[in-house]
Amino acid sequence: PQTPAQRGRSAARTVAKSAMLSLLQLASLFATGLVTPSQLTTLISSSLRPSSYLATSPAAARRVADACAELEATAPPPLWPRDLRRLDGSWRLIYSSALAGPQPPSPLDGLPAPPAALLAAVESAPFAPLGGGVQQNVDVFKRRIVNVVELSPWPTGSLGGLLSSAPGPLGQASKQLQAARVVLELDHSFSADGDGSDGARRAAAGSTISLTLEEVRRELEGAAGGGDDALAMVPRASSYSLPPPLRPLASGKFATTYLSGSLRISRAVPPLPSAPAELRVFVREGGGDEGATWQEEEDARTAAAEEEAAAAAAAGADAVEAEGGEGGAVEEQEDGLYFDEVPD
């Protein structure tokens, strides 16, 4: 077995190799003059720690940001609501500047990367997002966005192993939670530039989406345990709806700056111009279907409204007919005759 010093040197060599690989990939990107979505995803993969959203170093995170800017410059941003249906579907988050770690000013890029042991400790902390475990489901027609986040409910890694060896209920609970995960569904409503939420519909107004968190659903998966331990008292699922007065506090805006059939780049719109703006990169799950066009969405909305109006009219007609039938029967009974009792 390796000594702690040997393991530290091995981790440092791995980080150095990853950094060199990302440098070579970035050089090849800029040598061609064009950054493609596949090249960006490859760069991101080599710039993050395995199964993590943490960047290998601040310089690696900056290289990803530069490559995103290069890709954004290759095409104009989408415009809502004309291109809104291209958002529809499931997307997987592959990069977030908020999860990648601190990014100091560029003159400090030459500083050494954080110790591997420190990064591992951050990754094994409770409720740290699991790498690749953030998915975003967009339903454009219903105006819903659900962020599905997978978290570890208990420390993992060396700290988790230490806790698992503790005596009593603490050790027992830690063992049961080592393979567990918490799945959070953050259910948002959303509106988009030009979709009529401000009273006016325009075909190509802008690329900003406004999100409002309305409900949080939680599920505990993979936890081992019997029916008589402390963990059995923890509900496996729960949900919480935010009261309307609190929802403005859980809202935000994101601008989609690049959108293709397979990749999407979005940037947070900070409440203050001087505040940092989170950078997010998503890849589409299940192929490159971009959804319908703006006109097709308008047609779908019109058809749905017509169907709803027709159903309401049919229900009203049935109600009137039922009332008329009952009234006729009463009148017939008052005359003392039914139709089949009228004499010839």
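The table that follows gives values for the structure above.
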quantity	calculated
Residue match in the range 167-187 (condition: open to solvent by 50 Å² or more (accessible area, probe 1.4 Å), in contact with a strand residue (DSSP E or B) (Cβ under 8 Å, 6 or more places away or on another chain) and at pLDDT 95 or above)	yes
Any hit, the range 201-217, residues being over 18 Å from the mean Cα position of the chain (by Cα), modelled with pLDDT under 95 and open to solvent by less than 30 Å² (accessible area, probe 1.4 Å)	yes
Residue tally, condition open to solvent by less than 50 Å² (accessible area, probe 1.4 Å) and touching a residue at least 40 places away in the same chain (Cβ under 8 Å), over the range 30-46	4
Selection count where residues are within 24 Å of the chain's Cα centre (by Cα), among the β-branched types (V, I, T) and at pLDDT below 90, scope the range 22-73	1
Extreme residue, surrounded by the most Cβ atoms within 10 Å (Cβ to Cβ), among residues of the range 231-259 that are in contact with an Asp or Glu (Cβ under 8 Å, 6 or more places away or on another chain) and assigned to a loop (DSSP other than H, G, I, E, B)	L242
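The values are calculated or read from the model by the stated rules, or taken from the named source; none is laboratory data. Everything quoted here is computed from the prediction, not taken from an experiment. No Cβ is skipped: glycine too gets one built from the backbone with ideal geometry, and neighbour counts run over all protein chains shown. Accessible surface areas use protein heavy atoms only, side chains included; no ligands, DNA or RNA. Shrake-Rupley method; radii C 1.70, N 1.55, O 1.52, S 1.80 Å.
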